[in-house]
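Right, one structure below, let's go through it.
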Amino acid sequence: MSLPVSSIQFTAAPRRILVTGATGFLGGAVTLRLLELGHVEGLSFLVRAATPAEGLERLLQNLRVHDIDERLAALLKPEQILCGDLLDTHWIDAAKPLLQTLDEVINCAAVASFSRNPKIWPVNVEGTFALAEACAQSRRLKRFLHVSTAMACGPQRQSPVAETWDFPEPDQQLVDYTASKAAIELKLRNELPLLPLVVARPSIVVGHRRSGCKASGSIFWVFRMGFALERFTCGLDEQIDVIPVDYCAEALVELALKPKLNYSLYHISAGNAGACTFGEIDEAYAGAMGDAPVGERYRQVDSADLKELAADFNERIGPANPRLVLRALKLYGGFADLNYLFDNQRLLDEGIAAPPRFTDYLDVCVHSSRDISIPAQMQWDFK
Ligand SMILES: NC(=O)c1ccc[n+]([C@@H]2O[C@H](COP(=O)([O-])OP(=O)(O)OC[C@H]3O[C@@H](n4cnc5c(N)ncnc54)[C@H](OP(=O)(O)O)[C@@H]3O)[C@@H](O)[C@H]2O)c1
């Protein structure tokens, strides 16, 4: 949880940590966590911007959405911004002197979209590899923490899913995004033996324990849509593996900074103990909305029958493009149907705190989503 600024201990010899993706959801939460732990001076950020001043402005804009204390925000300087784009990595040569000074990299940058975005492969695989390759040349670097996704394991796994480096063929993956995340994990591991690589695979990251969906409505709209339509592809007795972004960030920072780790691959997930059933989520959601749970009115539908819900869209979720909503429901239904929990024993064995349950903070997500329609919130996942 967040620390008051007065209790922050600034580190004497600053660790030099590069954070990528700090203008995004996970990267913003990671940055805030690092700042709260007193890592200020040693931080640098890869940001897409024309100038460091513009990059700092973009970073601060995101950190304010994550509720940064202005006294912490004021400590960040344009000199901490490395302007660069993973789509065109020509800047890396000029950045090599900085990359040689780093102790840790926390690589959160990616095109994290379920749509068919042509930038997914160039950024998530080629650009990410170019950055890691340059980092691998440093003798000083202690850890390159690459943020992947638990869903990169692909379909047809036994739940709870264990951490392994086995992946299905890319065309077996549900979307290009998970295929790209699997591909870069293997490429980093196989082609850069000198890179001090640790891969963290978060499960489904939804909201924040204190600010709910303020920083991102990613995936929360799926729950809203399911309850509004009173139908979706999951059964109420099935479980789902959800964690809040602030917990994910705390775990990522510990994995990045802990001097010794037992493994090079970790799930950051709810696991068996932290997962909730859709029935529990229905009750918590209804409680926060001041409604009765959907309960017995809920119907589990087959993916192929989702199109029958379109007639109700206008009345139940508000004006929306039915084709887009159906596509979204089908995609997310595909992931929900996998019915995966992700084993988090490795993480717990590192002494990292157990995750909260989704139902512990779901009311905060509901209250922070009141002014955004379900179709508008859905746009978070279709960039
Ligand atoms: N959200 C989840 O549920 C979830 C779950 C599991 C794993 N993950 C992983 O967590 C990581 C972050 O995801 P997120 O949800 O935080 O995504 P996000 O909010 O979309 O943030 C993505 C970040 O990557 C940066 N980025 C995108 N393209 C870039 C490029 N060409 N060059 C440099 N930076 C670029 C973005 O910068 P701009 O601001 O310039 O666009 C942004 O800072 C991803 O690796 C994702 O696979 C997320």
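Kindly indicate which of Ala132, Ala112, Ala95 is in a helix (DSSP H, G or I), within 16 Å of the ligand (Cβ to nearest atom) and in contact with a Phe, Trp or Tyr (Cβ under 7 Å, 6 or more places away or on another chain).
Values: Ala112 fails: in a helix (DSSP H, G or I); Ala95 fails: in contact with a Phe, Trp or Tyr (Cβ under 7 Å, 6 or more places away or on another chain).
Answer to the selection: Ala132.
Which helices (runs of 4 or more DSSP H) does the stretch 310-367 wholly contain that include 2 or more residues that are hydrophobic (A, V, I, L, M, F, W, C) and in contact with a Pro (Cβ under 8 Å, 6 or more places away or on another chain)?
Numbers: elements: 313-317, 322-338, 345-349.
Answer list for the stretch 310-367: 313-317, 322-338.
Tell me which residues, restricted to the stretch 353-383, are touching a helix residue (DSSP H, G or I) at 6+ places or on another chain (Cβ under 7 Å), among the β-branched types (Val, Ile, Thr) and either on the phi > 0 side of the Ramachandran plot or surrounded by fewer than 19 Cβ atoms within 10 Å (Cβ to Cβ) (or both).
Across the stretch 353-383, the qualifying residue is only Thr359.
Out of Val47, Val65, report the one residue that is β-branched (Val, Ile, Thr) and crowded, with 17+ Cβ neighbours inside 10 Å. Lay out the reasoning, then the answer.
Numbers: Val65 fails: crowded, with 17+ Cβ neighbours inside 10 Å.
Testing whether each residue is β-branched (Val, Ile, Thr) and crowded, with 17+ Cβ neighbours inside 10 Å leaves just Val47.
Name, by its number, the condition in (1) at pLDDT below 95; (2) within 9 Å of the ligand (Cβ to nearest atom) that does not hold for Pro122.
Looking at each condition in turn, Pro122 falls short on (1).
Pick from the stretch 141-158 the residues that are more than 8 Å from the ligand (Cβ to nearest atom) and aliphatic (A, V, I, L, M): which of them is surrounded by the most Cβ atoms within 10 Å (Cβ to Cβ)?
The extreme case among them is Leu145.
Quick one: count up the residues across the stretch 283-308 that are more than 22 Å from Asp363 (Cα to Cα) and surrounded by fewer than 11 Cβ atoms within 10 Å (Cβ to Cβ).
Here is the first cut: in the stretch 283-308, the ones more than 22 Å from Asp363 (Cα to Cα) are 299-308.
Add one more test, that the residue is surrounded by fewer than 11 Cβ atoms within 10 Å (Cβ to Cβ), and what stays is 302, 304.
Selection size over the stretch 283-308: 2.
Enumerate the pairs (first residue in the stretch 13-29 and over 18 Å from Val111 (Cα atoms); second residue anywhere and more than 6 Å from the ligand (Cβ to nearest atom) and among the polar types (S, T, N, Q)) with beta-carbon separation below 8 Å, excluding pairs fewer than 6 apart on the same chain, so at least 6 apart or on different chains.
Filtered contacts from the stretch 13-29: Arg16/Ser44; Arg16/Thr101; Ile17/Ser44; Leu18/Ser44.
Kindly indicate the residue of the stretch 159-168 that is in a loop (DSSP other than H, G, I, E, B) and within 15 Å of the ligand (Cβ to nearest atom) and also nearest to Glu133 (Cα to Cα) among those meeting that condition.
Phe167
The values are calculated or read from the model by the stated rules, or taken from the named source; none is laboratory data. All values reported here derive from a predicted model rather than from experimental measurement. Counting neighbours? That spans all protein chains shown, and the Cβs are built from the backbone with ideal geometry, glycine included.
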